[in-house]
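Presented below is the structure to which this report refers.
The values are calculated or read from the model by the stated rules, or taken from the named source; none is laboratory data. This is a predicted model, so every value here is computed, not measured. As a convention, Cβ positions derive from the backbone with ideal geometry for all residues, glycine included, and neighbour counts pool all protein chains shown. SASA here: full protein model, heavy atoms, side chains in, ligands and nucleic acids out. Shrake-Rupley method; radii C 1.70, N 1.55, O 1.52, S 1.80 Å.
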Amino acid sequence: MSRTLILGAVLSAVFVAAALVSFVWTPGDVEGIDIANRLKPPGAAGLLGTDHLGRDMLSMIMTGARTSIAVAIVAVGIGMGFGVPLGLAAAAHKGGLLDELISRGNDLIFAFPSLVIAILITAIAGPGAVNAIIAIGIFNIPVFARLSRGAALGLWTREFIMAARVAGKGAARISAEHILPNIANLLIVQGTIQFSLGILAEAGLSYVGLGAQPPLPSWGRMLADAQTMVAIAPHVAIIPGLAIVLTVLGLNLLGDGLRDALDPRLKVLRT
Amino acid sequence: MLGYLIRRLTSLVLSLAVASAVIFVVVEVAPGDPASYMLGLNAQPDTVAALRAELGLDVPRLQRYLNWVGGMLTGDFGTSYTYRTPVSQMIADRLWISLPLALYALTLSTLIAFPAGILAAARRGRPADMGVMAATQLGVAVPNFWFAMLLVLLFAIRLGWFPSGGFPGWDEPLDAMVSLTLPAVALALPQAAILARVMRSSLIDILGEDFIRTARAKGLTRGQALWRHGLRNALIPVLTIIGLQFSFLIAGAIIIEQIFFLPGLGRLIFQSISQRDLIVVESVVMLLVFAVIMVNFLTDLAYAIVDPRLRRRA
C-alpha cells in the first residue's frame, strides 16, 4: 500500500468517524446558546474553543461533517445512478440516436457553469440541503455518463463480450453482467473525486446561505458566520476551513491511491 | 474544413437554443410573481394586473420566450423590473469589474502554474517535483472563499496592505487594481494548482516522445530539448484547460465578489434573484453560458485549424 493511500484513507476515516460519533455523542451542545462563553480560543473552552454563540467548535465540526458527507454521498449517488446507466446505454448503441442524444446532453450540461446553475436552482427552489443535493447531483450525471461510456466502448470490442453476444445475451444484460463489473474500479476512483468536489460545492453553497439551513450545522455556514469575526477571533474562521481542506485532501489522496492500487494504467478524468 | 465548420456551427446554435430554453423554464417556474413582489403585500389586484401588463408578463410564456431570445439576438436584453434600466446597460457596467477580475486571476494563475509545472516536469521524481505536487494537492483542496478570508485576515486586517473589500472605480486605475488583487489571488490559487498539474503531465508525456530523443541525440541537453521542442508541443492540453478555467473563474467570481463587496455580475445575480428581477437573472445567466459555449467553440476551432486530424472527429 502506498503512503498516499494510507494518508488519504486515514484522513477520510477520521471525518467519517467524527460524523458517526456525533450521532451518539458530542463533547458539547450544538444547539444551546451560551453567550457568556462566546468566542473562547481553542483550549480555553473545549479543545477547539467556542463560536460567536458560545457553542463548542469541536461539536459543531463533528455534526457539520454529517451534513457535508450526507450531501456529497447523495449527490454522487444521483450522478452514478443516472450517469452510469446512460453511459452504458450510449456505449451499447454506439453511433445511434440514443448515443447522440446522451452525448450531446452531456456536452450541454458541461457547458453550464455548474456553480451558477446550482446557485440559480437553490435560489429559486429555495435554499436547503435537499435542493443543494439536487443541484450538485445534476452536474455529477454527465461526469459518470462520459466516464462509463468511454470505458464501456473499449470493452465492447473485446473477445469476452463477443463471446457473450454469440451466446445470445442482449445489450442490456451484457452491460450489467460484463461491462459494469469491469468498469467498477474506475467508477469508485471517480466517485471519491466527485465526493470531494461535492463537499467543496456544499460548503460554497452553504457559505452564501443557499445550502444547509439552521439549526443544521454546516462547515460552509460556520465560515459565513465567522466572516465578520475574523479580526477578533480568527479561530472561528480557521477551524471550519481546515476541516474542509483536510477532508477534501484526504478524499483526493484516497482517490489517487486507489487508482494506483486498483490499476496503474488508469487515467482518471479530473475536472 | 467547411463540412467541419458547418457541423460545429449547427451544434453551437443548437446548444445555445437548448440552453436558453432550459434557463427560461428554470427561472419561470420559480414561485413568486415579480409584479406582486414589487408592489408589496397590500397591493390591489387590479394594480398588480396593470403592472404585469406593463412588464409584459401577461402574454403567454412561449411568446415571452421568443421575445426574450429575439431581443437578445438584436442586443436588447430587456428592461430590469426593479431599476427600470436596460439590462444590457446593467450588465455592461458590472462586466467592467467581473471581466478584469477574471482576466487578472487567469494571468496570475498562468504566471504561477507555468514555472511550477515546468519545474516539476524537469525535475520529475525529485524533491522539487514532490514539493510542487504536494502544493497542488493542497491548492485543489482549499475552498477559494476560505482562502479569501485568510488573505483578508493577513493582508487587510493584520498588515493593512490591501483593502478588505469594495471597489473605487476605474477612475483611479491603480487603486482599482489594488482592490482587485486579493480577490484575484483567491480565485487564482485553485486554478493554478490544476493548471500546474496539467502542465507537468503534458510535458512529461511529450518528453517521452521520439522527437525529444532525436533532439537529445543531436546533442541538446535535457533542458534545451525541453525548452526548444517540448514546451510548445505540451501547450495544447494546457490551453484547453485555460479555456475551461474561464468558466470556473466566472462562477468562482460570484462567491468571491460577495466576500469583497465587488459590484460585479455575481452580486447582480444575487440581488436580482432576491428581488425576483427575473429578466436580469435570465439574461446574466444566459450571457455566462454563452461565454462558456463560445470559448469552447473557439478552442475547438483553433485546434481544427492547427491539427487537421481533429476535423474528422466530433
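Below is a table of values for the structure above.
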{"item": "For A:K40, distant residues with modelled amide H under 5 Å away", "result": "A:T50"}
{"item": "Alpha-carbon Rg with Dmax, taken over segment A:109-168, Å", "result": "18.3, 53"}
{"item": "Partner chain coverage, peptide A:233-241 - average Cβ within 10 angstrom", "result": "3"}
{"item": "Other-chain or far-sequence residues with amide H under 5 Å of A:S218's (modelled H)", "result": "none"}
{"item": "Total accessible surface hidden between A and B, rounded to 100 Å², 1.4 Å probe", "result": "3300"}
{"item": "Average accessible surface area per residue within segment B:87-313, 1.4 Å rolling probe, Å²", "result": "45"}
{"item": "Listed residues B:S272, B:S179, B:S36, most fluctuating in chain B (Gaussian network, C-alpha, under 10 Å)", "result": "B:S36"}
{"item": "Within segment B:43-146, trypsin sites (Lys or Arg not before Pro) in DSSP loop having at most 16 other beta-carbon neighbours inside 10 Å", "result": "B:R84, B:R123, B:R124"}
{"item": "Amide H partners (placed H, <5 Å) of B:T79, local residues excluded", "result": "B:V87"}
{"item": "Shape call, the protein assembly as shown: gyration tensor on alpha carbons, a/c limit 1.5", "result": "rounded"}
{"item": "Cα-projected label distance for A:R3 with A:L242, points at 7 Å along beta-carbon direction, nm", "result": "2.2"}
{"item": "From phi via Karplus (6.51, -1.76, 1.60), per-residue ³J(HN,Hα) for segment B:269-284 in Hz, x at Gly/Pro", "result": "4, 4, 4, 5, 5, 6, 9, 6, 8, 4, 5, 5, 4, 4, 5, 5"}
{"item": "Solvent-accessible area per residue, Å², over segment A:1-69 with all protein chains present [probe radius 1.4 Å]", "result": "53"}
{"item": "Paramagnetic reach from B:Y83 in segment B:232-276 [backbone N under 15 Å; point 7 Å along Cα→Cβ]", "result": "B:262-276"}
{"item": "Label point distance in nm, A:K94-B:L99, each placed 7 Å from Cα along Cα→Cβ", "result": "4.4"}
{"item": "Student exercise, segment B:87-313 dipole from Lys, Arg, Asp, Glu Cβ charges, in Debye to nearest 20", "result": "1280"}
{"item": "Peptide B:144-151, shielding by other chains (average Cβ, 10 Å cutoff)", "result": "6"}
{"item": "Radius ratio Rg over Rh of segment A:173-271, counting only Cα atoms, Kirkwood formula for Rh", "result": "1.16"}
{"item": "From phi via Karplus (6.51, -1.76, 1.60), per-residue ³J(HN,Hα) for segment A:246-258 in Hz, x at Gly/Pro", "result": "5, 5, 5, 4, x, 5, 5, 5, 4, x, 4, x, 4"}
{"item": "Those residues of segment A:103-133 for which accessible area with every protein chain present is at least 20 Å² below the isolated value (1.4 Å probe)", "result": "A:L108, A:A111, A:F112, A:P113, A:L115, A:V116, A:I119, A:L120, A:A123, A:I124"}
{"item": "Prolate/oblate/rounded label for segment A:37-189 (Cα gyration tensor, a/c 1.5)", "result": "prolate"}
{"item": "Nearest-20 debye value, segment B:130-223 charge dipole, Cβ charges on Lys, Arg, Asp, Glu", "result": "600"}
{"item": "Whole-Hz couplings from phi, Karplus 6.51/-1.76/1.60, listed for segment B:64-70; x for Gly and Pro", "result": "5, 4, 5, 4, 4, 5, x"}
{"item": "FRET efficiency, 1/(1 + (r/R0)^6) with R0 35 Å, evaluated for B:A134 and B:W161 via beta carbons", "result": "0.80"}
{"item": "Residues losing 30 Å² or more accessible surface upon assembly, segment B:263-296, compared with the chain by itself, 1.4 Å", "result": "B:F270, B:I273, B:V285, B:V289, B:V292"}
{"item": "Value of relative contact order over chain A, rounded to a whole percent, pairs C-alpha under 8 Å and six or more apart", "result": "27"}
{"item": "Top of B:S15, B:S283, B:S202 by mean-square fluctuation, Gaussian network on chain B, Cα under 10 Å", "result": "B:S15"}
{"item": "Protein accessible area in segment A:74-130, 1.4 Å probe - carbon and sulfur %", "result": "75"}
{"item": "Relative contact order (%) - criterion: Cα under 8 Å, at least six apart; region: segment A:12-170", "result": "23"}
{"item": "Gyration tensor verdict on chain B (Cα atoms; rounded if a/c is under 1.5, prolate if a/b is larger than b/c, oblate otherwise)", "result": "oblate"}
{"item": "Segment B:32-76, accessible area per residue, ligands and nucleic acids excluded (1.4 Å, Å²)", "result": "67"}
{"item": "Lys, Arg +1 and Asp, Glu -1 on Cβ, resulting dipole of the protein assembly as shown about Cα centre, debye, nearest 20", "result": "2460"}
{"item": "Dipole axis of the protein assembly as shown (+1 Lys, Arg; -1 Asp, Glu on Cβ), positive-most option in A:T4, B:G252, A:S206", "result": "A:T4"}
{"item": "Sparse-neighbourhood loop sites, trypsin sites (Lys or Arg not before Pro) in segment B:135-225 - DSSP loop, at most 14 other Cβ within 10 angstrom", "result": "B:K218"}
{"item": "Gaussian network model of chain A, springs between alpha carbon atoms under 10 Å - residue of A:G250, A:G32, A:G49 with greatest fluctuation", "result": "A:G32"}
{"item": "Average beta carbon contacts from partner chains per residue of A:198-205, 10 Å cutoff", "result": "3"}
{"item": "Point-to-point label distance, B:A53-A:D29, nm (Cα→Cβ direction, 7 Å offset)", "result": "5.9"}
{"item": "Using a Förster distance of 45 Å, the FRET efficiency for A:N182-B:T107 (Cβ separation, nearest 0.05)", "result": "0.55"}
{"item": "Percent of Cα pairs exceeding the 15 Å cut-off, where the set is segment B:32-76", "result": "50"}
